[in-house]
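To start, the structure itself, in structure tokens.
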Amino acid sequence: MADESIALSENTCLMEWIDTHTHLFLDAFDADRDQVIQRAQQAGVRYMLLPNIDENSLQALYTCEQAYADCCKPMMGLHPCSVHHEVNAQLQVIQQQLDERDFIAVGEIGLDYYWDLTYRTQQLEAFRTQLHWAGECHLPVSIHSRSAIDDCIQEIKKIQKGQLFGVFHCFTGTKEQAQQIIDLGFALGIGGVITFAKSDALRQVISQIPLQHLVLETDAPYLAPVPFRGKRNESCWIPHIAHTLASLFQLDDAEIARITTANALRIFAGLSKG
Ligand SMILES: [Zn+2]
């Protein structure tokens, strides 16, 4: 009995996770960011990838990176929900950042027709422009799509010549959409939604996708997995998301850790370069 418990805890220690999408730099974490990082590391989360929001979040993003440089890796991009009538000026700020230094990815970028359609044209312009930058910089992209997944797929299809790759973050689409995304060379980001009671259809879709196309994410502070639904999400709960995947694929949690971490390292190759 004692031996068995030692073996289990060793097994847990060996598991290494990557949270491919967390907004740890937002003020939701200002009061206890140290502890949040500590809990993540205790849970085996080695890297937390930080998608930028817009020109106003740069300071917080860089401050978070500086404080936790070993584990927090920033992306650079303009979120579709931040796009407004001065999109060109907004993009100029983002481009300047990309010109000045290295990032782990371009993100988050995409299309969001759920909240507001006012700047749909500008959203499309921002998405196309940033996809081109990602291609030029040989960087992966973290894609946000809400009520717009087919348009996101179409936009990528139009310009994909093998230079674009990355993750459709928080994927909640159909089997057909998943297949198109994989055919385009992209992976699916799996987060807390997969654990929700009402996500049977999503679980059914994901159970048919080869694991090599999946990466884990929290989208913290949003979308906390069961049994923490409704609370502020954080990276230490990645294993709860993984556990749902493990039951779907009838594998153990360690195997999910091994495969999804390898997938993330393959996509976000900058992580291996230190
Ligand atoms: Zn996000």
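For (1) under 18 Å from the mean Cα position of the chain (by Cα); (2) under 26 Å from ASP34 (Cβ atoms), each residue gets a yes or a no:
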| position | (1), (2) |
| --- | --- |
| THR63 | no, yes |
| GLN66 | no, yes |
| ILE94 | no, no |
| GLY110 | yes, no |
| GLN123 | no, no |
Complete set of residues in segment 214-240 that are over 13 Å from the mean Cα position of the chain (by Cα) and of a type outside the set (D, E, K, R): ALA224, PRO225, VAL226, PRO227, PHE228, GLY230, ASN233, CYS236, TRP237, PRO239, HIS240
Search result, residues across segment 193-208 that are among the hydroxyl-bearing types (Ser, Thr, Tyr) and surrounded by 17 or more Cβ atoms within 10 Å (Cβ to Cβ): THR195, SER199
Lone qualifier among ILE156, ILE94, ILE104 - being of a type in the set (A, V, I, L, M) and touching a helix residue (DSSP H, G or I) at 6+ places or on another chain (Cβ under 6 Å): ILE104
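Based on what the data block shows, is ILE143 within 16 Å of the ligand (Cβ to nearest atom), buried (at least 17 other Cβ atoms within 10 Å of the Cβ) and either more than 16 Å from the chain's Cα centre (by Cα) or within 24 Å of VAL205 (Cα to Cα) (or both)?
Values: within 16 Å of the ligand (Cβ to nearest atom): yes; buried (at least 17 other Cβ atoms within 10 Å of the Cβ): yes; either more than 16 Å from the chain's Cα centre (by Cα) or within 24 Å of VAL205 (Cα to Cα) (or both): yes.
Spelling it out, ILE143 is indeed within 16 Å of the ligand (Cβ to nearest atom), buried (at least 17 other Cβ atoms within 10 Å of the Cβ) and either more than 16 Å from the chain's Cα centre (by Cα) or within 24 Å of VAL205 (Cα to Cα) (or both).
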Hits in segment 154-193 - residues which are more than 16 Å from the ligand (Cβ to nearest atom), farther than 20 Å from PHE127 by Cβ and in a loop (DSSP other than H, G, I, E, B): THR174
Helices (runs of 4 or more DSSP H) within segment 194-274 that include 1 or more residues within 16 Å of the ligand (Cβ to nearest atom): 238-249, 253-267
Index of the failed condition, GLY274 passing every other in (1) surrounded by fewer than 23 Cβ atoms within 10 Å (Cβ to Cβ); (2) at pLDDT 95 or above: (2)
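The values are calculated or read from the model by the stated rules, or taken from the named source; none is laboratory data. This one's a predicted model, so the numbers in the text were calculated from it and none came from an experiment. Backbone-built Cβ (ideal geometry, glycine too); neighbour counts: all protein chains shown.
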